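Colleague: Got a structure here, written out as structure tokens. Questions coming.
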Ligand SMILES: Nc1nc2c([nH]c(=O)n2[C@@H]2O[C@H](COP(=O)(O)OP(=O)(O)OP(=O)(O)O)[C@@H](O)[C@H]2O)c(=O)[nH]1
């Protein structure tokens, strides 16, 4: 009998600067897909809601304390290592200076993105973000 895989719940932040740029960062060494660009975030721990998890992760990873969180989309992605459910939140206010506390790189990005490779679990949201701006996100371009 096949057992249903359990979802890993993940809180992800789309930090938006006033000029519309989005913050992407690389996955730290030692994790699955190390070096791939993603939106900052991480797994929701027992007893946390999406917002609490996101607030904790962004302090741990980036050293910033986020303000209001706008729940935006929920997506799923089936990786060989995990079936993830991603809770995407837009964030337009934060306090503190960015510090890459896990040895990542960060980049403020507009479309077309100039970083790659990007984590495939972020493609849907990148497509929607591009659509909101009347632009196109083409994942094919990223795999070149
Ligand atoms: N942060 C983030 N995770 C994403 C994105 N897209 C995506 O598929 N994921 C997936 O969501 C999961 C997030 O887990 P993580 O490993 O970053 O979380 P974490 O920091 O709590 O990990 P740890 O407990 O292993 O240290 C990974 O399986 C990752 O592949 C994204 O844009 N940002």
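Colleague: Taking the stretch 80-99 as the region of interest, how many residues are more than 15 Å from the chain's Cα centre (by Cα) and outside any strand (DSSP E or B)? Steps first, answer last, please.
Modeller: Pass one, the stretch 80-99, residues more than 15 Å from the chain's Cα centre (by Cα): 80-83, 93-99.
Remaining after also requiring outside any strand (DSSP E or B): 80-82, 93, 96-99.
Number satisfying all stated conditions: 8.
Colleague: Please report, ordered by residue number, the strands (runs of 3 or more DSSP E) entirely within the stretch 16-79 with at least 1 residues that are more than 14 Å from the ligand (Cβ to nearest atom), touching a strand residue (DSSP E or B) at 6+ places or on another chain (Cβ under 9 Å) and farther than 25 Å from residue 115 by Cα.
Modeller: Details: elements: 22-26, 41-43, 69-78.
By residue number, 69-78.
Colleague: Can you pull out every residue in the stretch 100-126 that is free of Cβ contacts under 8 Å to residues at least 40 places away in the same chain, more than 13 Å from the ligand (Cβ to nearest atom) and surrounded by 12 or more Cβ atoms within 10 Å (Cβ to Cβ)?
Modeller: Step one: of the stretch 100-126, the residues free of Cβ contacts under 8 Å to residues at least 40 places away in the same chain are 111-112, 114, 123, 126.
Pick out the ones that are also more than 13 Å from the ligand (Cβ to nearest atom) and you get 111-112, 114.
Matches in the stretch 100-126: 111, 112.
Colleague: Being at pLDDT 95 or above and within 16 Å of the ligand (Cβ to nearest atom) is the filter; apply it to the stretch 127-144 and report the residue that is nearest to residue 33 (Cα to Cα).
Modeller: Applying the filter and picking the extreme gives 127.
The values are calculated or read from the model by the stated rules, or taken from the named source; none is laboratory data. Note that the structure is a prediction, hence the values are computed from the model and not measured. Neighbour counts run over all protein chains shown; Cβ positions are idealised from the backbone, glycine included.
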